[in-house]
Amino acid sequence: MENAITASESSASPTPDDVANIGTTTKRRWIILAASLLLVGGGIFTAWAMGLGSGTAPVVGYRIVNEFPHDANAFTQGLVITDGVLLEGTGQYGQSSLREVDLKSGRVLRQQPLSPRVFGEGITVMGDRIYQLTWKSGICFVYDAKTLQPVDRFRYRGQGWGITHDGTHLILSDGGYNLEFIDPKTFKTIRRIRVIDGRRRIDNLNELEYINGEIWANIWHSDYIARIDPKTGTVNSWVNLTGLHPRRPHREAVLNGIAWDEQSKRLFVTGKNWGKLFEVVTVSTR
Ligand SMILES: [Ca+2]
């Protein structure tokens, strides 16, 4: 594709094949543009249909600070940065893994594959342990944070989607509107909160991140992140990331993955099978 364009821009006259290639290139660009617009439009429609950002909580926008390469084969289900180390949990049966990733190059430094029988979901690091949920297996794997070797596991009820922690409890989402607080020693459920914006329950809570006393949650199949009060479940505000990485390879390649670097106070987001990982800041849209 690029060669065809270069040939047409050189001093030599274009051959009939070059002209045909240019026509194909232009056509493909239009198709990509139309597909991108459909995806962005679809995202806005989905958000509207889900009622996101139309409740009582204010909506803020974003600005891209940095872009980094991201493994487009990674079906991102969990994202975390601790002590400058980027960790990612990926999903899909036969492709699920826990991995340490180099932020700047996107290269996988270390990787722990999961059994092909389980579908990896969210991850979090609490103390010297990494926790990784599974979608429908009801098993949370526990790893040594230094070696990435599995050291323990526990069972939970229902589906596993996102996980984070507040320093005391693990916090889990199951794809619904509840968040469950679990004791990391006994693995017992301590409490649940129902996430609401005004009177609307906010469903499809997915990947999570605990940031400055709030739980941030990706809402599945939307470009919105809910910032949730962990005491009440009320959405304090929304971050609208519409337009971020519009060239998505398929319908399930949705925004999913929030990592907050507490040391550098930097925020990173990516999506399933995205070729990029973004450092962003939130900005007021008023
Ligand atoms: Ca996260």
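Every read-out reported here was derived from the displayed coordinates using simple, explicitly stated rules and does not represent laboratory data. Since this is a predicted model, take the numbers as computed values, not measurements. In this analysis, Cβ positions are derived from the backbone assuming ideal geometry, glycine residues included, and neighbour counts consider all displayed protein chains.
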Taking amide H atoms as placed 1.01 Å from N in the peptide plane, list the residues 5 or more away in sequence, or in a different chain, whose amide H sits under 5 Å from that of residue 151. 142, 143, 144
Could you work out how far the C-alpha centroid of the stretch 61-100 sits from that of the stretch 211-249, in angstrom? 17
Peptide ranges 57-63, 239-245, 84-90 listed from the most packed, as the mean C-beta count within 10 angstrom indicates: 84-90, 239-245, 57-63
Give the cross-link partners of residue 185 among the lysines, using a straight C-alpha distance below 22 Å as the criterion and excluding same-chain residues fewer than 8 apart. 146, 231
For residue 155 and residue 251, what does the FRET efficiency come to when R0 = 35 Å and r is the distance between their Cβ atoms, rounded to the nearest 0.05? 0.65
Considering every pair of different Cα atoms, what Kirkwood radius, in Å, is found for the stretch 42-159? 15.9
Can you give the Rg and Dmax of the stretch 201-286 based on its C-alpha atoms, in angstrom? 12.7, 38
